[in-house]
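These notes are about the structure you will find just below.
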Amino acid sequence: MPSPVESRFLSEVQSSERRLPFAGRRTRIVATIGPACDDTSVLAAMGRAGMDVARVSFSHGSTEESLERIERIRSAVPGIGVLADLPGPKVRATPFGPDGADLVDGRTLVLVPAASAPMSSAACIGVTLDDGLASLSTGELVVIGDGGIALRVRDPGSDEVRVEVITGGHVQGRPGITLPNHALNVATPTVEDLRRIEALSAAEVEAIAVSFVRSADDIEAVRRAIGPNPCMLVAKIETEEAVENIDSIVQVADVVMVARGDLGVRLPLEDVPSLQKKIIRAGIRFARPVVTATQMLESMIHARVPTRAEVSDVANSVLDGTSAVMLSGETAIGRHPVGVIEAMARIVTRAERDFDYLHWGANLGVQEVSGDRASALRVTAAITGAGWRAALEEDAAAIIACSSTGATVRSISRFRPSMPIVAVVKSAYRARQLQMSWGVTRVLVHPSEDSYVQTYAAIDLLLAEHLVRDGDVVVVLAGSRDTPTPITDTVRIVRVADRH
């Protein structure tokens, strides 16, 4: 039976309605799709509850099954963005049975190559890294999942490694396994990743997450595999090397993810909050959306309301400036996939009321821009900075960004303005990619329309939603119509005339 406080929380969540992002929530919600929410009616309800981006992990099930899942998502939630998450070189256990297994403190078990144990149990765990097991030494630690279960090597060997359970717990599915760094001789992307990339390019997913990134070269390798496909690449920051190389990685990626699970296993756990802030700031400086992930509302896999600590964690990620928050097991295997999104939306919306919109842009410092001094991105960065300042000085009711690739929208979004950002785009694919960008509402126009027609299409929407009125000022960011490459080089201040 929920407490009176929990009853009020549930009542308010269940009665809330999803509003336009600029009328309410501005931080995006990424939800992982799995067995708990595969049904199209559940997916549709998740969309209504506030899911902006659907994450599909390719670590579970075949590529064909994952592609079918993507089609169900698109059918159930039109206009949603899809994030396909590549497994990368992550080491995993072979599947545990339907009920999982309990690893008990002090007990011993063996680790063997996956081929020797297609199914894992409490006595024997198959590991998807054949050669690495043979290099383990007595006394070294092997960690399962997000660090809650620890095993110590007692009897190393080439065919099997006997370990003692130091910290036990329940395991299910195909949990990740963290081995000492010397046991890992793997590269990103893997051969399997490259096969999946080909299929994902054909499926025209909006974004692909690259796991275990260590340097900018890993992102560039995936970029080469994709070819001319405009799919966005998400760099998952979850290794010590990635933290050390954060600026160079952010420059070549399109989106950054604070992957706190493996980050907290591979680096001291107490460093994670500081690293989260560092990674978010790095991403925003380069105008990259940043997704904060792992254990945000973990208790809601089973519970109907989150813990107070989880609510504080989510709120603080919003105050840190994250573009999006991500749900993993909470929606993939949890009991309340729709309810957890409603709870997340409620927490985020409340936290945004305390966000320091006025000083965020001023405190951001010098904008970082990829490319040389002749790059169009540098001009776009300068113009969007001027547009943000003009919006503040003129007390603008909205900022309208006309963009062909979405770069202009992401550039102005980094300033976290208090007024609505309306993105006017000509491509439905590009519009779906903007689902990961903070505070953006999308308007799709015909490809032949020029920036003037685009501007008034956005103003019409703002008027219809009563977000601007006759006499208000809006700031418009647009590009010249005669430049050979897409470039935003114009700021206009437009006074709204009620056309309704």
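For the stretch 244-249, just list the computed ³J(HN,Hα) in residue order, Karplus coefficients 6.51, -1.76 and 1.60, θ = phi - 60°, integers in Hz, with x standing in for Gly and Pro.
After applying 6.51 cos²θ - 1.76 cosθ + 1.60, I find 5, 9, 4, 5, 5, 5 Hz.
Want the number for Ala187 to Leu141: 0.36 nm per residue separation, take away the alpha-carbon distance, what's left?
14.3 nm
For Ser215, what is the net charge nearby, where nearby means another residue's Cβ is under 15 Å from its Cβ and Lys, Arg count +1, Asp, Glu -1? Spell out each step's value before the answer.
Details: positive: Arg214, Arg223, Arg224, Lys236; negative: Asp217, Asp218, Glu220, Glu238, Glu240, Glu241, Glu244, Asp247.
Neighbourhood net charge equals -4.
Using a 7 Å offset from the Cα along the Cα-to-Cβ direction at both Ser427 and Glu68, what is the distance between the two label points in nm, to one decimal?
The modelled label-to-label distance comes out at 3.1 nm.
For the chain, what is the mean residue ellipticity at 222 nm derived from helices alone (per DSSP H run of n ≥ 4: -39500 (n - 2.57); sum divided by total residues; nearest 500 deg cm²/dmol)?
Theoretical 222 nm ellipticity from helices: -10500 deg cm²/dmol.
Could you calculate the FRET efficiency of Asn363 with Asp271 from 1/(1 + (r/R0)^6), where r is the beta carbon distance between them and R0 is 25 Å, rounded to 0.05?
FRET efficiency, Asn363 to Asp271: 0.65.
Quick one: if the Förster radius is 35 Å, what FRET efficiency do Arg223 and Thr40 give, using the C-beta to C-beta distance and rounding to 0.05?
0.60
Would you mind checking which residues have amide H under 5 Å from Met419's amide H? H placed 1.01 Å from N; only 5 or more apart, or other chain.
Under 5 Å from the amide H of Met419 lies no amide H from a residue far enough along the sequence or on another chain.
Expressed in nm to one decimal, what extension gain is obtained for the pair Ser116 and Arg48 from 0.36 nm per residue of sequence separation less their Cα-Cα distance? Don't skip to the end; give the middle numbers.
Values: separation 68, 0.36 × 68 = 24.48 nm, distance 4.52 nm.
Answer, rounded to one decimal: 20.0 nm.
Helix 191-203 versus the longest principal axis of the chain: what is the Cα-based angle in degrees, 0 to 90, to the nearest 10?
So the inclination is approximately 30 degrees.
Using +1 on the beta carbon of Lys and Arg, -1 on that of Asp and Glu, and nothing else charged, what's the dipole of the chain about the Cα centre, debye to 20?
About 1080 debye.
For a quick check: with amide H placed at 1.01 Å from N, whose amide H comes under 5 Å from Glu206's, ignoring anything fewer than 5 positions away on the same chain?
Under 5 Å from the amide H of Glu206: Val82.
What does the charge count near Lys90 come to, summing +1 for each Lys or Arg and -1 for each Asp or Glu among other residues with Cβ under 14 Å from its Cβ?
Spelling it out: positives minus negatives among the neighbours equals -1.
What is the extension gain from Arg162 to Ala309, computed as 0.36 nm multiplied by their sequence separation minus the C-alpha to C-alpha distance, in nm to one decimal?
49.2 nm
Explain nothing, just compute: Karplus ³J(HN,Hα) = 6.51 cos²θ - 1.76 cosθ + 1.60, θ = phi - 60°, for every residue of the stretch 218-233 in order, whole Hz, x for Gly and Pro.
Going residue by residue, I get 5, 5, 5, 5, 5, 4, 5, 5, 6, x, x, 4, x, 4, 7, 9 Hz, with x marking Gly and Pro.
Taking 7 Å along the Cα-to-C-beta vector as the label spot, tell me the Asp489-Ala134 distance in nanometres, rounded to one decimal.
Simple spin-label model gives 6.1 nm for this pair.
Between helix 63-76 and the chain, what is the angle of the helix's C-alpha long axis to the longest principal axis, kept within 0 to 90° and rounded to the nearest 10?
With rounding to tens, the tilt is 40 degrees.
State which stretch of the chain is the longest one without any exposed trypsin sites (Lys or Arg not before Pro), exposure meaning a DSSP loop state and at most 10 other Cβ atoms within 10 Å.
The segment 1-352 is the longest one with no such site.
How tilted is helix 376-393 with respect to the longest principal axis of the chain? Cα atoms for both, answer in degrees (0 to 90, nearest 10).
Taking Cα atoms only, the helix is inclined about 60 degrees.
What nm value, rounded to one decimal, do you get for the distance between Ala382 and Thr405 when each label is placed 7 Å out toward the C-beta?
Using points 7 Å along Cα→Cβ, the separation is 1.8 nm.
Would you please give the residues with an amide H less than 5 Å from that of Thr488, counting only those at least 5 places away or on a separate chain, with H modeled from the backbone geometry?
Answer set, sorted by chain and number: Thr380.
Using θ = phi - 60° and the Karplus relation 6.51 cos²θ - 1.76 cosθ + 1.60, list the HN-Hα couplings for the stretch 163-180 in order, rounded to whole Hz, with x at every Gly or Pro.
Rounded to whole hertz, the list is 10, 10, 6, 8, 10, x, x, 8, 10, 8, x, 10, x, x, 10, 9, 9, x.
Can you give the net charge of the other residues whose Cβ lies under 12 Å from the Cβ of Cys37, counting K and R as +1 and D and E as -1?
Charge balance in the 12 Å sphere: +1.
We did not get these values from a lab; they are worked out from the coordinates using the rules stated. Just so we're clear, the structure is a prediction, and the values are computed from it rather than from any experiment. A quick note on method: Cβ atoms are made from the backbone with ideal geometry, for glycine too, and the neighbour counts reach across all protein chains shown.
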